[in-house]
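Q: Below you will find the structure I want to go over with you.
Bear in mind these aren't lab numbers, they're just calculated from the coordinates by the rules spelled out. Just so we're clear, the structure is a prediction, and the values are computed from it rather than from any experiment. Positions of Cβ are generated from backbone atoms using ideal geometry, with glycine treated the same way; all protein chains shown enter the neighbour counts.
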Protein chains: 2
Amino acid sequence: MSFLDHIRACNAHDLSGFRRFELNGQPVGWVRHAMAEAMADALPGFLTTPDRLTLAPDITGFDARSDRLADAAHWLAETGVITPLRGEFYPVGTGWGVPPLARLDRAATAVFGTESYGLHVNGVVRGADGAPRLWVATRARDRIIAPGKLDNMVAGGQPIGLTLADNLRKEAQEEAGLPAALVDRAVSVGALGYCLETPEGLKRDRLFLYDLELPPDVTPVNTDGEVESFALWSLEAVAASVRDSQDWKFNVPLVIIDFLIRHGHLTPDDEPEYLALIDGLRPPQR
Amino acid sequence: MSFLDHIRACNAHDLSGFRRFELNGQPVGWVRHAMAEAMADALPGFLTTPDRLTLAPDITGFDARSDRLADAAHWLAETGVITPLRGEFYPVGTGWGVPPLARLDRAATAVFGTESYGLHVNGVVRGADGAPRLWVATRARDRIIAPGKLDNMVAGGQPIGLTLADNLRKEAQEEAGLPAALVDRAVSVGALGYCLETPEGLKRDRLFLYDLELPPDVTPVNTDGEVESFALWSLEAVAASVRDSQDWKFNVPLVIIDFLIRHGHLTPDDEPEYLALIDGLRPPQR
């Protein structure tokens, strides 16, 4: 394994198997060809051509589009294509910062290949020498996603209608038991992206990244059952484990690689793949 | 003006006017079509087809390739296509971290569209409240490049055969009079890239970025005539000036935008173009 292998693994996909998903004449996602045909056959209001899936022109407005996508999500769950619906809604649109055109149950986003957003928080504790250590979470063994895998201190999906700041407070309370006053010290430090083909479709994720420096006497405590335990790791130990193992939830190595780059642990003099890592963390957007 | 306008300005180019420049069968740059034809006519050892410019197959090895490129650089300077040669050599190759295939005078890199490397150092001073301020250089009025424009505290091109750490010490001494012991505290924090069409050709630059936190009692002092004066600016003042003015050397706004993102001054909740800025700082590499 290498750092770059983790980035490549998160970007394995072949767009030739997909056609555009459009709303209001604008590209908002990607759907597998056979799935587009199946949807157009089974679901009223869905139309397809060889290069795109879209909604009938009389279906206009956020609510009407969201209703049709909800029908599709239910159909997908009933037919077993996706896991049960979450009742948590993600925006469907042309990009971050642009008002969404519809909303879609989180469980169905990969089928439509819409861009999903999330946040990941690096929990940092500085030693007496100033060197950062990182809080590492071990995920609970009963989770559907990545049971027992290593994770960032706090991470979560970004539902529609919530600010990132509010979601950060909520997730940090649920996952690490951290009070808002402490969480508000988190510094927004950037974002990364990846595009991964999955059995459901195309997982196009953008993760907003935060560094939260914690006092040495604060220990995160999970409150929602997602995390089994927390441990404080040296940056050297984190880097070696990320590079050499598959012990981490699939997208967390990318967050760690970004952290190692921003904090001078990976440098262009010492890491021949330095620019490939940086380019790989922000692949061309489709 | 907007932050994104500065990024777009650094990436204005049309590759249809260029053909590949190859060495040893590998792509290392881009050359304007007419320039490729002119070189093949005027310079022994240069061959061209409609898609590429390259060297004759009997010209092998780093030194022989570099000799042919030196001939071309002299011819370009004599015919007035480029400014006088610098006697400073840049690597020509397939990318950072890969041994270069040749060397080329810095003045000729844009004609061949080879990837050039440089380093930029953000000089940071933290106030009593922890808020970072930045040392801003005003470039000397007698410079050929960007006279009188605002600049980072330290910046320089990366010649072949020098480590970035050594170049950083050298540039920080020349441009800001900083001792090596202080400069070695600089933290490598990432890299950005841009690709700009110029009268000479294609300027494909990758900048390695450093944050150097200076004690409040240290003032940079220029020793090589490149800087007229230094001043300590609040981050708000830097951000407003970068966003709204053309007072900065053309590529420095990109370094500042990256700094504003990494230090939480630009956030995804407040900046609708947040992801476009992040993507724009690492455009797809050609």
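Q: At a Cα cut-off below 20 Å, give the lysines reachable from B:Lys249, other chains included and same-chain residues fewer than 8 away excluded.
A: B:Lys249 reaches B:Lys149, B:Lys203.
Q: Next up: With both bridge residues required to lie in the protein assembly as shown, what share of the DSSP beta bridges run antiparallel, to the nearest 5%?
A: Details: 79 of 105 bridges.
Taking every DSSP beta bridge within the protein assembly as shown, about 75 percent pair in antiparallel fashion.
Q: Just to be sure I understand: if I project the alpha-carbon convex hull of the protein assembly as shown onto a plane and average over all orientations, what area do I get in nm²?
A: Values: hull surface 111.9 nm².
The directionally averaged projection comes out at 28.0 nm².
Q: Taking the Cα atoms of region B:15-114, report the difference between the largest and smallest coordinate on each principal axis, in whole Å and largest first.
A: Projected onto its principal axes, the Cα set of region B:15-114 covers 32, 31, 27 Å.
Q: For A:Val221 and B:Asp244, what does the FRET efficiency come to when R0 = 45 Å and r is the distance between their Cβ atoms, rounded to the nearest 0.05?
A: Working: r = 46 Å, r/R0 = 1.02.
That pair, A:Val221 with B:Asp244, gives E of 0.45.
Q: Using a label point 7 angstrom from Cα along Cα-to-C-beta, what distances in nm, from shortest up, separate A:Thr163 from the other copies?
A: The answer, with the shortest distance listed first, is 4.5 nm.
Q: Using a 7 Å offset from the Cα along the Cα-to-Cβ direction at both A:Ser229 and A:Arg126, what is the distance between the two label points in nm, to one decimal?
A: Computed distance between label sites A:Ser229 and A:Arg126 equals 2.9 nm.
Q: Could you check the simple spin-label distance between A:Glu213 and B:Glu78, using points 7 Å along Cα→Cβ, in nm with one decimal?
A: Taking the simple label geometry, A:Glu213 and B:Glu78 are separated by 5.9 nm.
Q: What is the Cα centroid distance between region B:84-150 and region A:183-262, reported in whole angstrom?
A: Their Cα centres are 33 Å away from one another.
Q: To continue, here is another question. For a Förster distance of 45 Å, can you work out the FRET efficiency between the beta-carbons of A:Ile145 and B:Ala34, rounded to the nearest 0.05?
A: After rounding to 0.05, the efficiency reads 0.20.
Q: A further question follows. Treating the angle as unsigned and between 0 and 90°, give the value, to the nearest 10°, between the Cα long axis of helix A:235-244 and the longest Cα principal axis of chain A.
A: Result, in degrees: 50.
Q: Taking A:Thr223 in one copy and the same position in all the others, each labelled 7 Å out along Cα→Cβ, what are the pairwise distances from the first, in nm, shortest first?
A: 5.6
Q: Using only Cα atoms and rounding to the nearest 10 degrees, what angle (0 to 90) does helix A:33-42 make with the longest principal axis of chain A?
A: 50 degrees
Q: Ranking A:Thr138, A:Thr219 by Cβ neighbours within 10 Å, fewest first, what do you get? Write down the numbers at each step before the final one.
A: Values: A:Thr138 17, A:Thr219 13.
By the 10 Å Cβ count, ascending, the order reads A:Thr219, A:Thr138.
Q: Any idea how far apart B:Arg8 and A:Ser2 come out in nm if each label point goes 7 Å out from Cα toward Cβ?
A: 3.7 nm
Q: Oh, and also: What does the copy distance list look like for A:Glu37, label position 7 Å along Cα→Cβ, in nm and ordered from shortest?
A: 4.9
Q: Sorted from fewest to most neighbouring beta carbons within 10 Å, what does the list B:Arg8, A:Arg169 look like? Please report the intermediate quantities before stating the final value.
A: Working: B:Arg8 13, A:Arg169 19.
By the 10 Å Cβ count, ascending, the order reads B:Arg8, A:Arg169.
Q: Moving to a separate point now. Let me check the size of region B:184-254 from its C-alpha atoms; what are the radius of gyration and Dmax in Å?
A: 15.0, 44
Q: Okay, moving on. Would you please classify the overall shape of region A:128-286 from the alpha carbon gyration tensor, given that a ≥ b ≥ c denote the square roots of the eigenvalues, rounded means a/c under 1.5, and beyond that prolate means a/b larger than b/c while oblate covers the rest? Please report the intermediate quantities before stating the final value.
A: Working: a/c = 1.39, a/b = 1.11, b/c = 1.25.
Rounded.
Q: Follow-up question, since we're still on this one. Mind ordering B:9-20, A:197-208, B:109-120 by average Cβ neighbours within 10 Å, highest first?
A: Highest mean packing first, the order is B:109-120, A:197-208, B:9-20.
Q: Moving to a separate point now. Note the full-extension length gain between B:Ala64 and B:Asp270 as 0.36 nm times their separation in residues minus their Cα-Cα distance, in nm to one decimal. Could the numbers behind the result be given before it?
A: Details: separation 206, 0.36 × 206 = 74.16 nm, distance 5.42 nm.
Gain on extension, B:Ala64 to B:Asp270, equals 68.7 nm.
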